[in-house]
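Contents: one structure, followed by commentary.
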Amino acid sequence: MLNSLRSISDFVHEIPAHGKMRVPVRLVASRKMLPSIFADKAPNQACNVACLPGIVDYSYAMPDIHWGYGFPIGGVAAFDCETGVVSPGGVGYDINCGVRLLGTSLEKPDVLKKMELLVNTLYHRIPTGVGSTGPVKLDSAEMKKVLTTGARWAVENGFGEESELDKIEERGEMAGADPQGISDHAYKRGRSQLGTLGSGNHFVEVGFVKEIYDAKTAACYGLHLDQVTLIIHTGSRGFGHQVCEDSIRIMLRASEKYGIELPDRQLCCAPVQSNEGQHYLSAMAAAVNFSFCNRQIIAHWARKALEKTFSASLRLNTLYEVAHNIAKLEEHRVGGKIRQLCVHRKGATRAFPPHHPDIPADYRLAGQPVLIPGDMGRCSYVLAGTEKAMQETFGSTCHGAGRVMSRSQAIKTGKGRNVQKELQARGVLVRASGRETLAEEMPEAYKNVSDVVDAVVGAGLSRRIAKLVPLGVIKG
Amino acid sequence: MISVTRVNHTADIGLQITASNLEELFKAAAVELFRLICTADDALMEKEEHTLSVEGNDLEELLVNWLSELNFLFQTEQILVAEIAALVINGTLLHAKFSADRFNPQRHTIHTDIKAVTYHELYVRPTQIGWEAQVIFDV
């Protein structure tokens with residue numbers, strides 16, 4: 001397939017439509033990234049997505065693309081709301097997995113001597129690990145409020161400030177959620193998981209601003225050199241996983257009912273306007289809200305941990321929060337006409353340009369902040385959305401580093417090594433509940449996030465604003 | 001004759017299983033699921049008896065539903081399957097009787113959180129000498 005690739009520019013390449021593909025695949029990557037991208041099945045998966053009904057323009061693959069299940073991770077696909085489909089596989093099991101970035105009033109030298117204490121305090125305050133449960137246990141009436149009001153439920157119940165809601169995608173509360181359509185299994189899995197980090201690649205990271213690339217935008221976002229920052233990366237936990245599982249079962253039947261040919265059953269889908277499509281969107285919105293609420297509670301506990309370690313008077317401001325596993329109904333200009341589209345971003349981030357009404361008023365002139373976490377040992381980036389992303393990728397960009405090594409490969413590579421000590425030698429204190437998690441998540445298991453960011457910046461989909469370097473991480 | 005191989009997948013974990021009959025295939029898949037989730041440090045201390053019935057539209061969906069339901073029991077009630085005493089497949093209906101332990105951090109080491117059992121590249125099919133299946137877990 002690499003042989004049929006046609007380069008549109010240094011950073012955009014096209015796999016022409018072939019077989020049952022309705023549109024071509026557009027891959028955003030530097031030339032040096034191409035061999036590793038074509039080493040796994042992700043490009044084939046992007047081609048499979050291109051076969052689905054109602055897909056508009058292209059099936060997009062971002063530079064952090066890697067082999068997922070059904071849709072690739074790092075994919076963007078928009079479907080016409082009248083003629084196209086919605087697919088739970090285009091969002092993934094971890095619905096509204098996302099990232100929140102907070103800026104503190106602390107400077108790097110303030111925290112270095114207390115990093116061990118801070119990391120331990122965060123670790124004890126925030127439940128982590130497989131099947132982690134938290135102290136927030138809700139009855140079904142209260143849970144329904146969480147599912148419809150998201151982060152606002154958390155704020156109204158003492159977890160954080162009203163002003164934080166302005167700095168969350170969808171203001172932390174996605175409309176259209178229907179708690180009635182949620183299964184008992186999902187309620188059971190979600191019941192005691194609010195305010196928990198989970199395992200795998202989820203983390204809370206303390207870092208600092210190492211580099212500023214655009215002083216004006218960084219100032220607008222409230223970032224300055226050496227400022228201590230906090231990143232939260234997690235999602236909708238077992239609740240979202242179950243919502244996806246339930247929806248896939250419905251969509252398998254729906255695909256047959258509507259005569260949709262599937263290159264892979266995990267791509268099962270239904271017309272956006274069908275009962276099944278609408279049911280999925282309302283169940284997904286409930287899981288999106290569960291996740292917004294989850295991160296809001298974790299942010300509150302992180303604030304308490306910082307106050308306990310340093311001073312009750314320190315400030316910890318939410319800079320922004322993005323979702324990177326989501327489907328949204330959005331208006332986009334296609335061929336000169338405004339169209340209603342169902343945009344699937346699976347391992348991809350919304351990156352809206354300056355002046356877009358969905359961006360917080362404070363950032364309206366700068367463009368939407370885009371948060372790109374890297375691996376534990378290297379760095380993360382703050383980017384800004386651009387007009388070009390709006391024109392070319394439905395206002396979307398990459399979401400992170402993207403794996404290059406399978407988990408078993410990483411564990412094999414890590415055998416006999418102490419990843420925790422290696423990271424400590426690089427100035428990063430890590431606490432994880434599982435030793436295997438550390439090996440699976442070692443820096444070499446991921447692409448270099450700087451290469452990923454160079455590609456989306458090179459393609460004009462985002463602007464580079466700041467680089468953050470980790471000092472301490474807690475993981476599941 | 002049962003063989004279980006882990007499939008290398010960039011983000012997730014897959015299994016390829018072969019067995020001489022369908023019941024053994026489904027049993028082996030369940031045993032390996034729990035090996036992925038955790039290992040017991042000692043001989044299991046407590047055993048509870050459970051029964052479970054699941055159905056699917058076809059054998060592939062049945063395999064996904066069987067493993068998903070077992071994962072659900074672990075996720076919500078910390079139930080870990082120890083031994084499957086009986087497993088009967090009748091068309092696309094499955095009935096199982098198994099003994100189980102409850103997760104206890106003193107006796108079990110957790111490895112992997114299985115978010116879901118996926119349909120990606122899934123198959124359950126007869127071979128010349130028995131049955132084979134492939135299933136990929138989202139982790």
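When the residues of the stretch A:54-65 are filtered to those that are open to solvent by less than 10 Å² (accessible area, probe 1.4 Å) and of a type in the set (A, V, I, L, M, F, W, C), the one that is modelled with the lowest pLDDT is A:Ile65. Being within 14 Å of another protein chain (Cβ to nearest Cβ) and either closer than 22 Å to A:Thr133 by Cα or acidic (Asp, Glu) (or both) holds for only one residue in A:Ala287, A:Ala302, and it is A:Ala287. Residues in the stretch B:6-29 that are modelled with pLDDT of 95 or more and within 14 Å of chain A (Cβ to nearest Cβ): B:Leu15, B:Gln16. Of all the numbered requirements in (1) in a helix (DSSP H, G or I); (2) of a type outside the set (A, V, I, L, M, F, W, C); (3) modelled with pLDDT under 95, A:Thr121 misses one, and that requirement is (3).
Here B:Leu80 meets the list (1) of a type outside the set (Lys, Arg); (2) open to solvent by 30 Å² or more (accessible area, probe 1.4 Å); (3) within 14 Å of another protein chain (Cβ to nearest Cβ); (4) over 26 Å from B:Arg125 (Cα atoms) almost entirely, failing just condition (2). Between A:Gly68, A:Gly134, the distinction of being open to solvent by less than 10 Å² (accessible area, probe 1.4 Å), more than 29 Å from A:Asp166 (Cα to Cα) and modelled with pLDDT under 95 belongs to A:Gly68 only. Exactly one residue among A:Arg435, A:Arg426 is surrounded by fewer than 18 Cβ atoms within 10 Å (Cβ to Cβ) and at pLDDT below 90, and that residue is A:Arg435.
Here the stretch A:392-416 is the region considered, the condition is being among the charged types (D, E, K, R) and open to solvent by 70 Å² or more (accessible area, probe 1.4 Å), and the residue that is farthest from the other protein chains (Cβ to nearest Cβ) is A:Glu392. Examine the stretch A:460-475 for a residue that is open to solvent by less than 20 Å² (accessible area, probe 1.4 Å) and within 14 Å of chain B (Cβ to nearest Cβ), and state whether such a residue exists. Checking the stretch A:460-475: at least one residue is open to solvent by less than 20 Å² (accessible area, probe 1.4 Å) and within 14 Å of chain B (Cβ to nearest Cβ). Inside the stretch A:185-217, residues that are part of a loop (DSSP other than H, G, I, E, B), away from chain B (no Cβ under 14 Å) and open to solvent by less than 10 Å² (accessible area, probe 1.4 Å) make up a count of 1. Taking every residue in the stretch A:3-16 that is under 18 Å from A:Ala39 (Cα atoms) and pairing it with any residue that is open to solvent by 60 Å² or more (accessible area, probe 1.4 Å), at least 6 positions away or on another chain, the pairs with Cβ-Cβ distances below 7 Å are A:His13/A:Arg6; A:Glu14/A:Arg6; A:Glu14/A:Ile8; A:Ile15/A:Met1. For the stretch A:253-270, the set of residues classified as within 22 Å of A:Cys47 (Cβ to Cβ) and either among the acidic types (Asp, Glu) or open to solvent by less than 40 Å² (accessible area, probe 1.4 Å) (or both) consists of A:Ser255, A:Ile260, A:Glu261, A:Asp264, A:Gln266, A:Leu267, A:Cys268, A:Cys269, A:Ala270, listed by residue number.
Quick one: would you say A:Cys51 is within 30 Å of A:Ser4 (Cβ to Cβ), more than 14 Å from every other protein chain (Cβ to nearest Cβ) and either over 18 Å from the mean Cα position of the chain (by Cα) or surrounded by fewer than 18 Cβ atoms within 10 Å (Cβ to Cβ) (or both)? Yes, satisfied.
Would you check if B:Glu32 is charged (D, E, K, R), touching a Leu at 6+ places or on another chain (Cβ under 6 Å) and within 14 Å of chain A (Cβ to nearest Cβ)?
yes
The C-beta contact set for the stretch A:255-272 (first residue within 13 Å of chain B (Cβ to nearest Cβ), second residue of a type in the set (D, E, K, R) and open to solvent by 50 Å² or more (accessible area, probe 1.4 Å), distance under 8 angstrom, 6+ apart or interchain) comprises A:Pro263/A:Lys20; A:Asp264/B:Glu121.
Taking (1) over 30 Å from A:Tyr60 (Cβ atoms); (2) part of a helix (DSSP H, G or I); (3) open to solvent by less than 40 Å² (accessible area, probe 1.4 Å) in turn, A:Val452 satisfies each apart from (1). You will find that of B:His95, B:His50, B:His120, the residue that is more than 12 Å from the chain's Cα centre (by Cα), at negative phi and within 14 Å of chain A (Cβ to nearest Cβ) is B:His120 and no other. A single member of B:Glu61, B:Glu55 is open to solvent by 40 Å² or more (accessible area, probe 1.4 Å) and of a type outside the set (Ser, Thr, Tyr), and it is B:Glu55. Within the stretch A:116-131, the residues that satisfy the criterion of being at negative phi and open to solvent by 10 Å² or more (accessible area, probe 1.4 Å) are A:Glu116, A:Leu117, A:Asn120, A:Thr121, A:Tyr123, A:His124, A:Arg125, A:Pro127, A:Thr128, A:Val130. A:Val85 meets the conditions (1) within 30 Å of A:Lys308 (Cα to Cα); (2) more than 14 Å from chain B (Cβ to nearest Cβ) in every case but one. The failed one is (1). Among the conditions (1) over 30 Å from A:Ala215 (Cα atoms); (2) open to solvent by less than 10 Å² (accessible area, probe 1.4 Å); (3) touching a residue at least 24 places away in the same chain (Cβ under 8 Å), the only one that A:Gly385 does not satisfy is (1). Restricting A:Asp57, A:Asp94, A:Asp80 to those that are within 11 Å of another protein chain (Cβ to nearest Cβ), acidic (Asp, Glu) and touching a residue at least 12 places away in the same chain (Cβ under 8 Å) reduces the list to A:Asp94.
Is it true that some residue in the stretch A:227-247 is surrounded by fewer than 19 Cβ atoms within 10 Å (Cβ to Cβ) and touching an Asp or Glu at 6+ places or on another chain (Cβ under 7 Å)? No, there is no match, as no residue in the stretch A:227-247 is surrounded by fewer than 19 Cβ atoms within 10 Å (Cβ to Cβ) and touching an Asp or Glu at 6+ places or on another chain (Cβ under 7 Å). On the stretch given as the stretch A:374-417, residues that are of a type in the set (Lys, Arg) and in contact with a strand residue (DSSP E or B) (Cβ under 6 Å, 6 or more places away or on another chain) total 1. The number of residues in the stretch B:93-126 that are more than 15 Å from B:Arg35 (Cα to Cα) and open to solvent by 50 Å² or more (accessible area, probe 1.4 Å) comes to 8. Of all residues in the stretch A:157-181, those satisfying the criterion of being farther than 28 Å from A:His279 by Cα and either open to solvent by 60 Å² or more (accessible area, probe 1.4 Å) or assigned to a loop (DSSP other than H, G, I, E, B) (or both) are A:Asn157, A:Gly158, A:Phe159, A:Gly160, A:Glu161, A:Glu162, A:Ser163.
The values are calculated or read from the model by the stated rules, or taken from the named source; none is laboratory data. The shown structure was predicted, so the numbers you read here are calculated from the model rather than taken from an experiment. Here Cβ is always computed from backbone atoms with ideal geometry, including for glycine, and neighbour counts include all displayed protein chains. Side chains are part of the model used for accessible areas, which takes the heavy atoms of the whole protein and leaves out ligands, DNA and RNA. Shrake-Rupley method; radii C 1.70, N 1.55, O 1.52, S 1.80 Å.
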